[in-house]
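Worksheet: one structure, shown below.
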Amino acid sequence: MLVALCGGVGAARLLAGVDDVVEPAAITAVVNTGDDLTLHGLHISPDIDTIIYTLAGMANPQTGWGIEGETWKTMEELKTLGGTTWFQLGDRDLATHLYRTQRLAEGATLSQVTAELASKRGLEMTVVPMSDDQVRTRVRVSGQEVPFQDYFVRLRHDVAVEAIRFDGAETSRPAPGVLEALAGAELIVCCPSNPLVSIGPILAVPGIKELVASRRDAVVAVSPIVAGAALKGPAARLLGDLGHEISVVGVARLYADWVGTLIIDEADASLRGAVEQVGMRCLVTDTVMSSPERARRLAEVVCGARR
Ligand code: FO1
């Protein structure tokens, strides 16, 4: 059993590679739900949908989120009505949010709905939210706390961040099966997602970080920072804003007490010693997943990297 801790796009690309290397039925993806939001009365789970769409081969390859070949008739019509359109929901993507919202209203848990969506999209791996309880990442910018998607999309994450908080984390419980999967996994993979706002919320659910740290030798992480920058999204900027070194060494320090092996890109080969000084093994390989083939090769290195 391989268990992957996942955010959005970077995690989805690596998972698609792992899906080629490991029997999909033996993979459990534990996905961040701190990015979730309720908009137009709909429950939207961006990271879960990005994972499912990518593994189903239907994700928009340019953006990494939403569905390929999408139409935007509903958003265009909503705009003429003066409705909220800063968070773009494609016509086909809307079906996912309508389905999820209806099922939740019928009393289903987020885990149950996620399992239904994954199987209806033909996935064999298990996709599970970090928790069925509501945990929402909130970001403080210019003295004001805003929901994650307001920061990430409406403000285009083009603002300095003063603090982040995972509202609801303290009283949240791991989703059913998460602790068992982590306890029984031969390998726990921390995907190249944003350490602070994608991996952070997962570890903030009580019980998860403690369990992962107790199995540190089985934990392999892929750095989301390559040559001092993030390949996608605000990870580098966020690390800097919140006082962390924007490098693979900064990532290693963040991960020191629960990751046994950090995989870094060849561009950072000179920092391998510095990462090992933080107290973890360090492997150097090509971590830029600009094609399915490169994602598959990285997945092979990850799957063979266990201490
Ligand atoms: N990201 C954007 O930059 N602009 C959008 O309008 C947008 C809409 C959207 C709709 C559904 C969905 O699942 C994701 C969407 N995203 C959008 C991406 C999303 O903000 C990020 O993928 C995650 O929250 C960060 O991991």
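The values are calculated or read from the model by the stated rules, or taken from the named source; none is laboratory data. Since the model is a prediction, treat every value here as computed from it, not as a measurement. Backbone-built Cβ (ideal geometry, glycine too); neighbour counts: all protein chains shown. Remember, those area values only see protein heavy atoms, side chains included, never the ligands or the DNA or RNA. Shrake-Rupley method; radii C 1.70, N 1.55, O 1.52, S 1.80 Å.
Brief remarks follow.
- Condition broken by Thr50, with the remaining ones in (1) under 12 Å from the mean Cα position of the chain (by Cα); (2) not in a helix (DSSP H, G or I) satisfied: (2)
- Among the residues of the range 151-181, those that are β-branched (Val, Ile, Thr) and open to solvent by less than 50 Å² (accessible area, probe 1.4 Å) comprise Val153, Val159, Val161, Ile164, Val178.
- Those strands (runs of 3 or more DSSP E) of the range 210-307 in which 2 or more residues are not β-branched (Val, Ile, Thr) occupy 261-265, 281-285.
- Some residue of the range 190-202 being of a type outside the set (Asp, Glu), more than 12 Å from the ligand (Cβ to nearest atom) and under 19 Å from Thr114 (Cβ atoms): yes
- Single match in Gly69, Gly34 (criterion: on the phi > 0 side of the Ramachandran plot and either in a loop (DSSP other than H, G, I, E, B) or over 19 Å from the mean Cα position of the chain (by Cα) (or both)): Gly69
- Residues within the range 82-137 that are free of Cβ contacts under 8 Å to residues at least 60 places away in the same chain, open to solvent by less than 60 Å² (accessible area, probe 1.4 Å) and within 15 Å of the ligand (Cβ to nearest atom), tallied: 13
- In the condition set (1) more than 9 Å from the ligand (Cβ to nearest atom); (2) on the phi > 0 side of the Ramachandran plot, Gly64 is compliant with all but (1).
So that you can scan it fast, the table gives a plain yes or no per residue for (1) aliphatic (A, V, I, L, M); (2) closer than 26 Å to Gly34 by Cα:
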position: Val205; (1), (2): yes, yes
position: Ala218; (1), (2): yes, yes
position: Ala221; (1), (2): yes, yes
position: Ala235; (1), (2): yes, yes
position: Ala256; (1), (2): yes, yes
position: Val259; (1), (2): yes, yes
position: Ala267; (1), (2): yes, no
position: Pro292; (1), (2): no, no
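- Test: residue in the range 27-37 that is in the same structural domain as Leu203 (by TED's automatic domain parsing), free of Cβ contacts under 8 Å to residues at least 60 places away in the same chain and either away from the ligand (no atom under 16 Å from the Cβ) or open to solvent by less than 60 Å² (accessible area, probe 1.4 Å) (or both): no
- Residue match in the range 9-23 (condition: more than 10 Å from the ligand (Cβ to nearest atom), more than 10 Å from the chain's Cα centre (by Cα) and farther than 16 Å from Ser291 by Cβ): yes
- As a summary of the residue check, Gly184 satisfies the conditions (1) buried (at least 17 other Cβ atoms within 10 Å of the Cβ); (2) over 16 Å from the mean Cα position of the chain (by Cα); (3) away from the ligand (no atom under 12 Å from the Cβ) except for the one numbered (1).
- If you go through the range 40-50 and pick out every residue that is over 15 Å from Thr126 (Cβ atoms) and either outside the structural domain of Ala236 (by TED's automatic domain parsing) or near the ligand (Cβ under 9 Å from one of its atoms) (or both), you end up with 6.
- Residue count for the range 227-241 satisfying the condition of being open to solvent by less than 30 Å² (accessible area, probe 1.4 Å) and touching a helix residue (DSSP H, G or I) at 6+ places or on another chain (Cβ under 9 Å): 5.
- The condition of being within 28 Å of Met1 (Cβ to Cβ) and either open to solvent by less than 20 Å² (accessible area, probe 1.4 Å) or of a type in the set (Phe, Trp, Tyr) (or both) holds for only one of Ala252, Ala204, that being Ala252.
- Filter pass, Phe148 being open to solvent by 50 Å² or more (accessible area, probe 1.4 Å), within 12 Å of the ligand (Cβ to nearest atom) and under 22 Å from Ile51 (Cα atoms): no
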